[in-house]
Structure formats: structure tokens, C-alpha cells
Amino acid sequence: MTANELLLWLSARKQGSWAQFKGAVENLGLAEADSEGADEGPLPLHQRIRYNLERLGHVEFDTEECSDGWRTVPPALALCQHGCETAGILCGARTRKILGNIERELNGLQREQISHPDCPDIIRVRAPGSEVLVNLAQRAGIRSQADAPAALLSRLPQIDWTGAWKREPVPSSGKDWDIKHLFIHKKVMKWQAVSLREANAEGAEGLFRFTRFQTPQYFLRNGRETFTLPGAIGKYYVLHLGRRNVLKYGSKEKTLSVPAIFRPPLLTERALVLCSGLPPSVSEVHGRHRLTYQDIPEEVAGLAAEVLKQDFL
Amino acid sequence: MKVLLAVLVAAVPIVYWLVRRRVRPHEAKEREPDTNHSGTSLPLTETTESLSVGEATADTAMAEARVQEKAEADNVLPPDLPNAMEEAAAATAPVVAESAERYAVEDSLGGNEAEGQSELNAAAPEHSQETCAPALVNGTAESLESEIPSALSTGAEAIARRASLEALNIPSELVSGFEDKPAAAVQVFPADVQPSEAVLLETRNGEEAVPAADAVEPALDQEEKAALLYRAPRQRPPRLPQRRPANQQEKPRSVSAETPLEIQVGVIFDRFGFCSVGLLPKRTEGLDDEVDAKDGRSVVRLSALDEWYQELQFDDIGDRLRNGFELKGELADRRQVRWRLSGRTIYVLAAHQGTNKLVSTQRLHLDRPDVVLCTAEILPQVEAVLASSGCEGYTKFDESYGAPRGWIGLRGVVPRRALLLEDSDPFYPLKPETDIQIELDGGIYLLNSVWLAGYPPQIRIAGTSDVPVKVLIDGKPAQQTDEGVFAAEGHDAPGQHSVYCEGLARSCSYSIEEAPESWEEWPAYGFGQAGICGPLVELRDDAAKQRLFAVQVSNPLLLGAEPGQVFRCSPRKSASWKGYVPFDVVWALPAQPLICNKKTARILQFRETLPSALNIRANSGAAWCNAILDASRKGLRIANPSENSTACWREYRKAARNIRKGRR
């Protein structure tokens, strides 16, 4: 199987457990490749594919109504306006019939199919306006989402919204913990190993990563309070507290780049990926990895910056 | 009523005294040889099981069936209790005497002294002769003595029930169990007991039941009756469905007695040739997605895959493969379930559809590359067998390459010749079958021999045959391609398909299903009134009216047609702002109209909608009025003005003034 066939399999099965997904990915005949992200370390194949499926809005993992499992999203065209042109990215479930319907209803529109490692082919249709693509989606029998990146970002809370954080003390005992502290000083931003005692010290502040059995857990110590929260949100919150900016927007190239260690939270990243349909490219600048998102309209970059509480560099 | 009860209480001891007088001559004979049993009455179920032996059983079962019928059908007491008791005494006495006599005979035979009983006993399980019957005899005597008084003390209802049971020819030894568990015992009893011939006839043929005693007894003489005593227990037919009131909850079924599910062995190799050996508990329909199972020492959580649960890894897997082990778990509905790995010294593992692991299978197959795991001690014998079947070029791996401790793995074992099996052949798994095998692989396999439409399996034939193989798919002759794949017209169409090798008695089936055509949208993530599912943003309630709107960040003050419709865009470090606005925007003004640079600042118009007359005097539009009047006082101009836009702005200014006047 390839990643394309995996998506067909996921679409046919609709939903399942994490173990079933992992088992299905293990059937892929793809060679293991090196990890793309410096921050993520050498991720196994099933994790890389899982993240790409999530970023591209094909499948949701471990969310409402599919906790500890996955569920395929209904097929939809995610529209994104680029000046006078609109691009539609095919997200969600895929079947032969859906692909055939889209092909049949194109009516001369430009359709691209782009291969990408660890990811199903990206299917993108370009049209002079959103209406054309909305009609195409209707004729093909699938949904459409106008201005998908902006629609997503407009609904996301900013990273300092503490409503979803849970108050929980950092673990105070245990031998198997691998504990790291997010160290940010001048141009140095890295995870630094600390001891359990240091993490529990009275004056300790910042973001701590406790890893056991390859499962990381993030704790934010802020004053007297300690929260557990998603790692990416914790990182940007720490940046916000330190008034550090990491987003770089190139208005000419329409690219948005961040250090690889500061990969945006999932839904923010999904919005950025849906601008082009392509996962971020990884580049190395001054020995540090950077993630670059392409075809990002200015207002979407602005929205993302607002959600992440960032100013552009 | 009281008089009636008094008569009953007085009459019952007399009846039983009569009964006991008939039984006592046999008691001494019965008790003497029984030195292996406790002499107490058996539990009800055990007693009833033992009664499946012999003619007494037939009578008893007959009676039980009648009890059940009676209990279920009319559930009434005999109309004339004194008469019924007299009848019961008369009827029970000979039956009890007869059955006691029979067991005495059986007991003497059970002592293995007699020669002639061998053919009678040959088919009977030991317990039916040695354990159950004598115990029943003793139980009979004991229970009659010890339980009747207690039965009497339970009152008129128990007496009446007893009388009704006895009137139905139930041997008194059975009656003894009923007194203190009336209704429940009667309900449970027939289900655990061999149903009578009459009930069976009724069930199987749908004909009216004939009482077994009436139907069978006249045809049997005494010798035949005696012979029936030693008849092997009959195979239990499926239990008859018991009628259950609709409001009565079904008791959780126990599957602990069922055959345990299989634990298969799975092996996977990495690109460097290292292997990982794990155990795969089989998963069948109806089992939970997650089950906590105990193996005697620890608890393991089983997470469902498709045909198995997730692979289990153990440090002592070598011992487990050799000795076998069992897992026991309880399902959510409290059913018990077991998995078992039978210990072996040789395992053959082959590719399996639906997993990338090699999974344990029965035996090697001709021309199929498999993996063999064997204990280190028998490696020479294993290799000798493999050599005789033409296996060459396989690789060996040991613990350093992931094989379990004390085991050796052989990878790439491809037998070329079939071998004859010997009796109880210890190397059975290594000796490939002589004939051919149908193999389905490739395509997109969904589950349980179902493939996705458009991605059918590839049909191949493995093995060798002396006769030419003719493959039929759905009855149509299949053609073989150069790659060795068989195909026939319509073999990849949605539906059920069968593959058959003509003349070789080999067949298999598969089905092809179309992908679903609809997927439900659900709020995977919820933020306030918005739900997010993939790229889709679903807005609820008031938020559903909101629209995405884009404007230059220089004009972040947005006004709608209705007084009060004011929205201030959040500050952003970009030239334009985009987001949801809860109304249709007509005007966009600078953030602070009074203090902006009027040479560069402009009023932006997005619609030509006039101010809403309905709410024009509303008391809620201060900010709306101030923004319009401030922009007007500053003398801001409309960007790209037209006659219509100027007139429209005039109307808004007029409305704002009117509202302000109204508020004063």
C-alpha cells in the first residue's frame, strides 16, 4: 500500500482505533526516511503519516467522538483565495468515485496532483473565483469551506486563553522520567535536560517536558500555578511572556517561516497548510532548522500571528 | 382453609411413612458398597445430571418435563390435594423402590466384578457409573429422612407443590431438592436436565408430544430396562428456549466453558534482519475493543486490531511458546473469555492478509517462503526434515537477532517436495501439503475477506498438483496472466465471489464492497459556537449568521445598517484584516475618526444599504452614532465616492443625529 491507498482504506473504514491505524500503516511498503523536524526527533513512519493526515484535514485523531482512535473527515474542498485566484484543496475521505466525480466536473479547471513524502497526494484545483469551486464541489457531491484558513484561524482562541489548560502539579517522583526545560536566551532556543528536583524547585518557571515511555507531557510553571497543556501552545505562551517573536513573513514570497522547534499548534498549522495544500518545507538556516509554509496570504499570516500572540520579525 | 391445611399436615407424614417402608429393605444394600461417597445428597444440578443414566432417568426426565410443562402452562396446584397425595403415595412408592433396586444392581456391577457389564459400560463415561449413580442412591435415602420434615415445615404451599410433583411420578429423591427452592428450582431444573423424549419429539418434529414413559415403557421388558441403566449419557441437544417474561433481565452469559480463542504467534523483521516476536490473541465478533486479561501473573490490556488484539510482548516469550499459556478476561457485559496458546516446539509462520507480520499457521506449504521457529534442541532434526523436502538457502537467526531465548529461527524456508506424514508425526508442521492452495493477496483488504471495490485481491495458486489445475471464479473459467494471477470476468465486481479448483476440492471465497458514500461531519474540536472538523468550520446559533470579512487594517471600525452594529477589528501586523463580523458591514472607518489624518484617512463603503428605519430611534446606538458623527465632524471623505455613496452617507449622518436628539 501507499499513503494514497492508506487514505482509501481509512475512508472505507471511516473510523477505528489507534492500534488499527498503526497496523494499517505498518502494511505500507514505504522505506523509513529520516525525520524532517529537528524538534520532533526521529519520528516513526506511522507518526509522520498521522501528523500529515491531521495537518491536511483528512483524518482527525484522538478528538471528540474518536478518543484514542481516528475518524475520517467528510470529503471537502478547502478554498483559499490568492489575489484574484482561488485554490481548492481536496481534504477528507477519498474514494474512486469522488475522485472520478471531481475529474468529470472540472470543466477545464486546472487540477494538480502533487506527491509528497509520508502523505497522500495533494489534489489542488485552481479557479478564477470561489463560486466556481463551490459549484464544482456541489456537482461532485462533496462539501466546501470558503476561506478555510481564515475561517479556522478566526475561530481559534489565542494561545493565552487558559480555559483548556488543566491545573496539575509536575510529577515529583519517578525514575523513568526524561525531563527537559525549554531554554530561551537570546538566539538560543532549545530543550535543556534538568533533574526532577530542579523541575520541582520552588522558583522554577517556564515550560517543562516530562517524557516517559516515549510519551511527552508538558507542564507550564507560571508563578505559583502549574498547568498541563499541549506542548506547542506552551511554547508560544512562553514566547509571549518573554515578548519574543519567531514568526517571519515574506510578503513577496508569501511565505511564513518559524524555527522547527516552534511548530505551530495543530489547528493553526492546519490553516497554514491549507493555504497551499503542502506541508511545510524544512530548511536549515545558520545550523538551525526552519519550517516554511507557502502561499500564505497576508491576512492569513496576520490572523495566525494574532492567534499565536506574535509580531512578525 | 385452616382445616384443610391441618388435614394436609397430618396426612403427609403418613404418606411418607408408607413410602419409607417400601424403600427401607433396599437401603442396607445400597449403602454397603458405597465407600467412596459422602452419603449426602448431591447439589441439585449434579443430581439431575447423574440422572441422565438409566431408565430411572427417562422417568425422571419425563416427570421433570411434565413439571416444567405444568409449571409453565397452568402453574396451579392439583385441585384435590388429599386425593393427589394418596395418588402420589401410591405412584411414588413403586417408582422409588424400582429405582433403588436398579441402583443396587448397578452398584454391584460398578464394583467391576461382573464380566457381562463390559459392553454396557464401554461407552459410558466413568463418572456416570461410579460417581453419580451411587451418590444418587445414598442421596435418596438421606434426603428422604432428613428433608421431609423441613419440607413439611415450609407450610401448605410446599406440601401442595410436593404433592403435585409426586402426582407427576417424580421419584422422591428428586423431590427432596425442591422444598426449599420452589419456583426457582422448578425453573432451572428442566434446563439442566436431559429433556425428555416427549419434549424432544415435540421440538424436532413439531408434533404433539407423547409422554415418554407411556410411549417407551410398554415396549421394554425388564432386561431392556436394566440395560438402559448402563447406557452412555446421550449427547445433549441444544437447550430448549425458555420463555422469559419481557421485564426479566437476561442473566449475563458465561462463555468460560467455550473453546478458548487462539493466541497466534507473530513475527516481523526490520530492514536489518532483526525480528520481533509477539503474541496475537484472536479477536472475534462481539468481543470488546479493550479487554483486561490475566495470565495468572499479570494483567495485560488487549487493544483491538481487526482480526487480533494488539501484539503482546513478554520477556519470557520463549517459555510461553514452549509451554503455552492462557489468558482470561472479562468483557463489559461480564462474559468470561479465554485465549490459549498451546505450547509447541515448532512454529511455522506465514504471510497473512491484513497484517505485515508473519503469523503462525498449521504447516509449511510448497513453494511458499515461510519462517520456522523451533527450539534449539531439535534444530538438527528440523533441518533434516527441511532438507528432505528440498528446502535450501534459508537463513538461521538466534537470540542475537531477536529470536526468543532457547529458540532458533529459520527464515526463507521454501519446501519444494511434499513429504508423507507418519502417525503422530512430531514434525507435522514442517511437512508440506501435497496439493495446491488458493492464495488471495494484494488489493486493499478491509476486513474478514472483504476487499475494497477497485482494489480486488490477486488470486494465485500455490503448490503443485499432478493434474492440470482448472480454476473457476464464480463458476467461470479463469485465465492466468504472466504474473501467475488468475482472473475471470466480473471477479473484481462488488459482491460475493468464490474461487474453486475443479477436481481438487479446493475453494475459497471473498467479497468486494464499494466504499461508503457519506461521512458524517462532527465537531472534532469545539470553540464557543464553532465546531471544527478537518477544514470545515460549523457555526452554531447566532454565530451562524456571521460572515468572513476582509478590510484594510487602516479602517478597523466597522458599521452596519442598524444602529448599534459596531465592530472593532483586532489590531494586526498586516495590511489587511480578515475575520468573522456579526453583521453585514456597510462602512469601515478609521480607528479614531476624530484624531486621524484626514488627508490620508478615508471612509470605505461596502454596501449601499440605507440605515434601518425600524431601530432608528433605538436607545442602543451611541457608539454607532458617535462614529458616524465624529467622521462627519472631521470631514472624512469617502474613498472612490459616487452620487449614491454620498447620498447614502448623508442618510446615515441624518439617522445618527436623530438618534442623538432622541436620546437627549
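The values are calculated or read from the model by the stated rules, or taken from the named source; none is laboratory data. The shown structure was predicted, so the numbers you read here are calculated from the model rather than taken from an experiment. Cβ placement follows ideal geometry from the backbone for every residue including glycine, while neighbour counts extend to all protein chains displayed.
Scanning the range A:283-290 for any residue that is over 25 Å from A:GLU85 (Cβ atoms), out of contact with any strand residue (DSSP E or B) (no Cβ under 6 Å at 6 or more places or on another chain) and of a type in the set (Gly, Ala, Ser) turns up at least one such residue.
The set of residues from the range A:46-80 being facing chain B (nearest Cβ under 9 Å), in contact with a Phe, Trp or Tyr (Cβ under 9 Å, 6 or more places away or on another chain) and in a loop (DSSP other than H, G, I, E, B) comprises A:THR63, A:GLU64, A:GLU65, A:CYS66, A:ASP68, A:VAL73, A:PRO74, A:PRO75. Scanning the range A:186-243 for residues that are of a type in the set (Ser, Thr, Tyr) and within 22 Å of the chain's Cα centre (by Cα), we see that the one that is nearest to A:ARG167 (Cα to Cα) is A:THR228. Selection of the range B:424-469 for residues being within 14 Å of another protein chain (Cβ to nearest Cβ) and hydroxyl-bearing (Ser, Thr, Tyr) yields B:TYR445, B:TYR455.
With the structure loaded, tell me whether B:VAL553 is on the phi < 0 side of the Ramachandran plot, aliphatic (A, V, I, L, M) and either surrounded by fewer than 16 Cβ atoms within 10 Å (Cβ to Cβ) or in the same structural domain as B:TRP587 (by TED's automatic domain parsing) (or both) or whether it fails that test. Criteria met by B:VAL553.
Being in a helix (DSSP H, G or I), more than 19 Å from the chain's Cα centre (by Cα) and surrounded by fewer than 21 Cβ atoms within 10 Å (Cβ to Cβ) is true for just one of A:GLY100, A:GLY108. Which residue is that? Spell out how you get there, then give the answer.
On the way: A:GLY108 fails: in a helix (DSSP H, G or I).
A:GLY100 is the lone residue from the list that is in a helix (DSSP H, G or I), more than 19 Å from the chain's Cα centre (by Cα) and surrounded by fewer than 21 Cβ atoms within 10 Å (Cβ to Cβ).
Candidates are the residues of the range B:576-592 that are away from chain A (no Cβ under 12 Å) and under 23 Å from B:LYS634 (Cβ atoms); the one that is surrounded by the fewest Cβ atoms within 10 Å (Cβ to Cβ) is B:GLN592. Residues considered: A:ALA19, A:ALA33, A:ALA24. Of these, the only one that is at pLDDT below 90 and more than 10 Å from chain B (Cβ to nearest Cβ) is A:ALA33.
None of B:VAL348, B:VAL385, B:VAL372 is touching a residue at least 60 places away in the same chain (Cβ under 8 Å), more than 14 Å from every other protein chain (Cβ to nearest Cβ) and farther than 17 Å from B:ARG271 by Cα except B:VAL348. Looking only at the range A:256-313, filter to residues that are basic (Lys, Arg) and more than 18 Å from A:VAL188 (Cα to Cα); which one of those is surrounded by the fewest Cβ atoms within 10 Å (Cβ to Cβ)? So the residue we want is A:LYS309. If you go through the range A:111-145 and keep only what is over 22 Å from B:SER518 (Cβ atoms) and part of a helix (DSSP H, G or I), you end up with A:SER130, A:GLU131, A:VAL132.
Take A:ILE159 and tell me if it is under 29 Å from A:ILE49 (Cβ atoms), in contact with a His (Cβ under 7 Å, 6 or more places away or on another chain), surrounded by fewer than 21 Cβ atoms within 10 Å (Cβ to Cβ) and within 14 Å of another protein chain (Cβ to nearest Cβ).
When the stated conditions are applied, A:ILE159 does not pass them.
Among the numbered conditions (1) within 14 Å of chain B (Cβ to nearest Cβ); (2) farther than 11 Å from A:LEU308 by Cα, the only one that A:ARG244 does not meet is (1).
Scanning the range B:556-575 for residues that are within 14 Å of chain A (Cβ to nearest Cβ) and either acidic (Asp, Glu) or part of a loop (DSSP other than H, G, I, E, B) (or both) gives B:PRO556, B:CYS569, B:SER570, B:PRO571, B:ARG572, B:LYS573, B:SER574, B:ALA575.
Each row is one residue, and each column tells you yes or no for (1) more than 26 Å from B:ASP541 (Cβ to Cβ); (2) hydroxyl-bearing (Ser, Thr, Tyr).
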position	(1), (2)
B:GLY579	no, no
B:PRO590	yes, no
B:PHE606	no, no
B:THR646	yes, yes
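Within the range B:505-533, the set of residues being facing chain A (nearest Cβ under 7 Å) and of a type in the set (Ser, Thr, Tyr) comprises B:TYR525 only.
For the range B:537-547, name all the residues that are in a strand (DSSP E or B), within 9 Å of chain A (Cβ to nearest Cβ) and under 15 Å from B:PRO582 (Cα atoms). The one that is in a strand (DSSP E or B), within 9 Å of chain A (Cβ to nearest Cβ) and under 15 Å from B:PRO582 (Cα atoms): B:LEU539. Looking only at residues in the range A:267-313 that are in a strand (DSSP E or B) and not polar (S, T, N, Q), the one that is nearest to B:SER576 (Cα to Cα) is A:TYR293. Just one of the numbered conditions (1) within 11 Å of chain B (Cβ to nearest Cβ); (2) in contact with a strand residue (DSSP E or B) (Cβ under 8 Å, 6 or more places away or on another chain) is not true of A:VAL125: (1).
Using the structure shown, decide if B:VAL413 is touching a residue at least 12 places away in the same chain (Cβ under 8 Å), farther than 28 Å from B:ASP270 by Cα, more than 14 Å from chain A (Cβ to nearest Cβ) and crowded, with 21+ Cβ neighbours inside 10 Å.
Values: touching a residue at least 12 places away in the same chain (Cβ under 8 Å): yes; farther than 28 Å from B:ASP270 by Cα: no; more than 14 Å from chain A (Cβ to nearest Cβ): yes; crowded, with 21+ Cβ neighbours inside 10 Å: yes.
Judged against the criteria, B:VAL413 is not a match.
On the given criteria, is B:ASP306 touching a strand residue (DSSP E or B) at 6+ places or on another chain (Cβ under 7 Å), touching a residue at least 24 places away in the same chain (Cβ under 8 Å) and away from chain A (no Cβ under 14 Å)? Judged against the criteria, B:ASP306 is not a match.
Rundown of residues vs (1) away from every other protein chain (no Cβ under 14 Å); (2) exposed (fewer than 15 other Cβ atoms within 10 Å of the Cβ); (3) more than 28 Å from B:SER509 (Cβ to Cβ); (4) out of contact with any His (no Cβ under 6 Å at 6 or more places or on another chain), yes/no style:
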residue	(1), (2), (3), (4)
B:GLY343	yes, yes, yes, yes
B:ARG368	yes, no, no, yes
B:TYR394	yes, no, yes, yes
B:PHE397	yes, no, yes, yes
